[in-house]
Amino acid sequence: MTVRIPLHRRTFLKAAGASALGVAASALPFSAARASGLTVGFIYVGPKDDYGYNQAHAEGAAAVKAMSGVTVVEEENVPETVDVQKSMESMINFDGAALLFPTSFGYFDPHILAVAPKYKDVRFEHCGGLWSADKHPANTGSYFGYIGMGQYLNGIAAGHMTKSKKIGFVAAKPIPQVLLNINSFLLGARAVDPAITCRVIFTGEWSMAVKEAEATNALADQGVDVVTCHVDGPKVVMETAAGRGAYLCGYHANQAPLAPEKYLTGAEWNWAEVYTGMVKQALAGETIGNFVRGGLAEGFVKMSPLGPAMTDAARKQFAATHAEIMKGGFAVIKGPLKSNAGKVIATAGQSFQESDVALERMDYLVEGVLGATS
Amino acid sequence: MSESDIGLWSVPLAMLGGAIRVSTPFIFVSLGECLTERSGRINLGLEGVLVFGAMAGYGVAYETGSAWIGVGAAAMAGGAFGALHGWLCSLPKVNDIAIGIALMLLGMGLAFFFGKPYIQPVAPDLPAISFGWWSDAPQVVAALKVNVLFLAGFALALAMAWMFRATRIGLAVRVVGDSDDAARALGLKVNQTRFAATVAGGALAGVGGAYLSLYYPGSWNEGISSGQGLMAVALVIFARWNPIACFWAALLFGGAGALGPALQSVGVTQGYYLFYAAPYVLTLGLLIATSSTTRQLTGAPGALSITR
């Protein structure tokens with residue numbers, strides 16, 4: 001039997017012409033397609049069900065998808081290379097996206113900065129970058145949550161539960177957000193017991209399963225008995241650490257199902273709150289702020305439910321500190337404080353609020369952290 | 001827990017533990033590649049086979065609840081990829097290196113496609129035997145937890161070396177690998193022998209993948225491999241096509257890979273990116289040290305497309 005493909009020369013030409021027009025139309029700034037609703041694009045650096053960074057963003061995207069009048073397009077596993085520029089341009093030109101959330105840190109400079117000036121009517125919202133009016137295009141913006149507070153609370157849980165007085169941190173790259181998390185984790189633990197030290201191991205990659213497992217084992221070999229991390233997918237760190245008998249503090253998303261008995265608490269993103277808010281603004285025709293920040297009090301960040309291993313004393317201090325942070329005005333980085341290289345960070349009486357932009361340029365590890373930024 | 005602070009001793013201990021933990025995929029993939037190359041073919045696709053084996057092993061182990069059935073499935077999937085490579089290369093005028101690269105991309109693509117639903121679930125782990133019972137130090141106990149597959153890999157290396165040296169099958173593989181004409185004159189079937197060697201090689205690489213996802217690091221995600229499959233192919237050249245040398249080379253790589261995290265954990269923190277490059281620097285150094293200006297690659301099978 002022969003299969004006849006119902007494609008005649010004329011129909012083919014018609015279809016080709018129509019699709020060419022469609023492409024041209026969607027490339028124009030004021031296309032008809034865009035007026036009918038809002039298309040929002042999300043770009044992730046890894047798989048969107050990684051128990052971590054990307055899953056947290058994808059959960060936010062799912063909340064946006066549930067809104068009416070909004071179409072969501074997503075792409076996973078986009079590396080922080082020129083690939084992300086292609087992904088952004090294809091979302092703009094072919095899907096008619098008018099609001100983009102390229103979520104990985106390395107997407108901003110130089111990739112978003114290269115694409116944004118070409119599409120003045122598209123809004124680029126980037127997670128984590130430091131936007132400044134004099135350097136960056138007006139149609140780009142940055143949003144982030146003060147998750148360092150969450151790591152401070154993790155540290156309080158860790159400080160109560162550690163027996164060896166050594167806690168550990170598996171970190172990806174020494175960028176300001178990661179350094180703030182490490183410092184906050186230690187300072188939280190030191191609020192319980194000033195003798196505690198924190199060992200940090202940098203893997204150099206956002207996602208590198210074998211190295212993360214090796215790093216976790218190396219920490220356990222040093223007697224570390226509470227572990228947290230800042231890598232894209234904490235699953236490997238959590239499972240390896242639990243296998244070595246350490247307690248866990250989560251990050252990005254709730255990892256309690258991986259080791260319920262060992263999981264103390266965790267600092268989670270709550271992007272659903274942030275994304276639905278921003279999309280509502282876009283639908284109403286308002287301009288989204290260029291520099292959006294929020295913490296526990298604003299609902300950008302939340303804590304995992306406390307695990308069964310937590311002692312009463314730990315629960316008490318955790319709850320008290322949590323309440324104090326929710327009141328506002330709580331500072332983690334406050335004097336007198338030195339870096340682990342001996343440099344003075346803050347003199348007595350000086351403190352940095354969580355919203356202080358100086359914290360987003362952090363390039364030091366505080367005293368008590370064993371590790372270096374380079 | 002007795003005295004837990006072992007200070008700098010933890011570095012050699014971590015390297016030993018790391019060598020045992022990290023090397024197993026290297027062992028299986030390099031033994032598989034060694035067998036295939038000894039028969040006169042190069043299968044560069046083993047990276048893809050490794051990743052697909054990791055996915056298949058994890059998925060099947062999760063669905064059936066048995067890690068060993070997962071390992072079997074990974075071996076079968078690897079064998080199927082090997083068969084595809086072997087069959088394509090038996091067609092006239094086909095380049096095995098190009099097919100290998102295509103297979104690598106195919107294997108990874110298929111693994112990512114079918115592996116989507118298995119990123120979140122937790123599959124059962126392969127069992128490990130603890131050889132550290134004599135020690136009180138938890139570090140020693142942890143370092144000497146040896147997975148059954150590691151021991152199987154060691155036994156396999158010995159068996160393969162013996163096979164090449166002392167058995168009729170080993171001789172047949174070596175003859176086919178050294179000269180098509182000589183093999184035909186002896187009445188050996190060149191294509192069938194290479195096909196079988198490629199299938200077996202693929203199956204071994206699949207098992208290596210199952211180790212990654214079912215024991216260490218012990219979960220399936222798309223970044224699981226970090227290039228072990230490609231490195232293992234290079235290891236075979238480094239080990240001069242000798243199975244026992246493959247085993248030691250794999251151990252060396254595993255140990256060198258553990259150096260970076262271990263040094264950071266004891267406070268040597270400057271230049272960790274450099275320590276992470278240690279395995280590659282080591283390979284380059286050893287290749288240069290063992291190279292010769294007078295001979296071509298010693299021990300290379302004569303019919304290999306890179307030596308021919």
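The values are calculated or read from the model by the stated rules, or taken from the named source; none is laboratory data. None of the values given here were measured: they were computed from a predicted structure. Cβ atoms come from the backbone with ideal geometry, glycine included; neighbour counts cover every protein chain shown. Note: accessible area is taken over every heavy atom of the protein model, side chains too, but ligands, DNA and RNA are not part of it. Shrake-Rupley method; radii C 1.70, N 1.55, O 1.52, S 1.80 Å.
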### Task
Above 33 angstrom, tally the Cα pairs of chain A and express them as a % of all pairs, no decimals.
34
#### Entry: segment A:195-318: Rg to Rh, with Rh as the Kirkwood radius over Cα pairs
1.07
### Message
Can you bin every Cα-Cα distance in segment B:3-307 into 10 Å intervals starting at zero and give me the percent of pairs per bin, rounded to whole numbers?
### Response
7, 27, 33, 23, 8, 2, 0
#### Entry: Sites matching GluC sites (Glu not before Pro) across segment A:239-335 that sit in DSSP coil, with at most 10 neighbouring C-beta atoms within 10 Å
A:286
#### Entry: With every protein chain in place, chain A: carbon and sulfur % of accessible area (1.4 Å)
58
### Query
Near residue B:189, which aspartates and glutamates are there with a Cα under 17 Å away, not counting those fewer than 8 places off in the same chain?
B:37, B:178, B:180, B:181
### Query
What percent antiparallel are the DSSP beta bridges of the protein assembly as shown, to the nearest 5?
20
### Message
Ignoring everything except DSSP H segments at least 4 long, calculate the 222 nm mean residue ellipticity for chain B; use -39,500 (n - 2.57) per segment, divide by total residues, nearest 500.
### Response
-23000 deg cm²/dmol
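Determine the per residue accessible area of segment B:3-307 with all protein chains present and a 1.4 angstrom probe, expressed in square angstrom.
Using a 1.4 Å probe on heavy atoms only, each residue of segment B:3-307 averages 41 Å².
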### Message
Just to confirm the number: angle between the C-alpha axis of helix A:82-95 and the first principal axis of chain A, 0 to 90 degrees, nearest 10?
### Response
50
### Task
Show which lysines lie in cross-link reach of residue A:118 when reach means a straight Cα distance below 23 angstrom and same-chain residues fewer than eight apart are skipped.
A:86, A:135
### Task
Considering Cα pairs under 8 angstrom that are at least six residues apart, work out the relative contact order of segment A:104-156 and quote it in whole percent.
33
### Query
In percent, what relative contact order does segment B:3-307 have, based on Cα pairs under 8 Å that are 6 or more apart in sequence?
37
### Query
By how many degrees, between 0 and 90 and to the nearest 10, does the Cα long axis of helix B:10-38 differ from the longest principal axis of chain B?
10
### Message
Can you order the peptides B:142-148, B:52-58, A:218-224 by their average number of other Cβ atoms within 10 Å per residue, highest first?
### Response
B:52-58, A:218-224, B:142-148
#### Entry: Contact surface B-A: accessible area buried, both sides summed, square angstrom, 1.4 angstrom probe
3100
### Query
Comparing A:73, A:84, A:210, which has the greatest mean-square fluctuation in the GNM of chain A with Cα pairs linked when under 10 Å apart?
A:210
### Query
What is the helix-to-structure angle for B:228-238, meaning the angle in degrees between its Cα long axis and the longest Cα principal axis of chain B, kept from 0 to 90 and rounded to the nearest 10?
60
### Query
With chain A treated as a Gaussian network of Cα nodes joined by springs under 10 Å, which of A:228, A:311, A:162 yields the largest mean-square fluctuation?
A:311
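Compute the orientation-averaged projected area for the protein assembly as shown from the convex hull of its Cα atoms and round it to one decimal in nm².
36.8
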### Query
What is the magnitude of the charge dipole of segment B:3-307 about its Cα centre, with +1 placed on the Cβ of each Lys and Arg, -1 on the Cβ of each Asp and Glu, and no other charges, expressed in debye to the nearest 20?
880
### Task
Go through B:80-88, B:155-163 and give me the packing order, highest mean Cβ count within 10 Å leading.
B:80-88, B:155-163
### Task
Would you calculate a helix-derived [θ] at 222 nm for chain A, using -39,500 (n - 2.57) for each DSSP H run of n ≥ 4 and dividing by the full residue count, to the nearest 500?
-11000 deg cm²/dmol
### Query
For segment B:123-189, what relative contact order do you get, as a whole percent, if you take Cα pairs closer than 8 Å and at least 6 residues apart?
19
### Query
If you roll a 1.4 Å probe over the heavy atoms of the protein chains, what accessible area per residue do you get for segment A:241-294, in Å²?
35
### Message
Please compute, for peptide A:219-228, the average count of beta-carbon atoms on other protein chains lying within 10 Å of each residue's beta-carbon.
### Response
5
### Task
Mind checking A:199-205 for the average number of partner chain beta-carbons within 10 Å of each residue's beta-carbon?
5
### Task
Measure off, as a whole percent, the carbon and sulfur share of the 1.4 Å-probe accessible area of segment B:3-307, all protein chains present.
71
